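Report on the structure given below.
What follows is calculated from the coordinates using simple rules that are stated; it is not laboratory data. From a predicted model like this one, the values you see are computed outputs, not experimental measurements. Quick reminder, even Gly has a Cβ in these numbers, built from the backbone with ideal geometry, and neighbours come from all protein chains shown.
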Amino acid sequence: MTDTRVIVVSVIGTGIATITVVVSFVAILASGLNDRIDDTNANLNGRVGDVNARIGDVYA
């Protein structure tokens, strides 16, 4: 019985460690994606501003 308990505990511990690593990796990826999304939004907003400025020039 003792051997079985040791195996079960080690398997559970390994599973918890694996889940922790995966969750932290996903969090790192998500933060990188958020940075890219912010950059993309800034670029798009800048381009929209340029287009609006050109439209303003045309009407002027």
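Structure values in brief
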quantity: Computed helical MRE - 222 nm, the chain, DSSP H runs ≥ 4 contributing -39500 (n - 2.57), nearest 500; calculated: -36500 deg cm²/dmol
quantity: Residue-count net charge about N45 - beta-carbon cut-off 13 Å; Lys, Arg +1, Asp, Glu -1; calculated: -2
quantity: Charged-residue dipole, Cβ positions (Lys, Arg, Asp, Glu), the chain about Cα centre, Debye nearest 20; calculated: 160 debye
quantity: Leading residue at positive end of dipole, the chain (Cβ point charges), from V11, V22, V58; calculated: V11
quantity: Helix 2-59 vs. the chain, principal-axis angle (Cα, 0 to 90°, nearest 10); calculated: 0 degrees
quantity: Kirkwood-based Rg to Rh ratio, the chain, C-alpha trace; calculated: 1.63
quantity: Two-site label geometry, D3 and D39: point separation in nm, points 7 Å out along Cα→Cβ; calculated: 5.5 nm
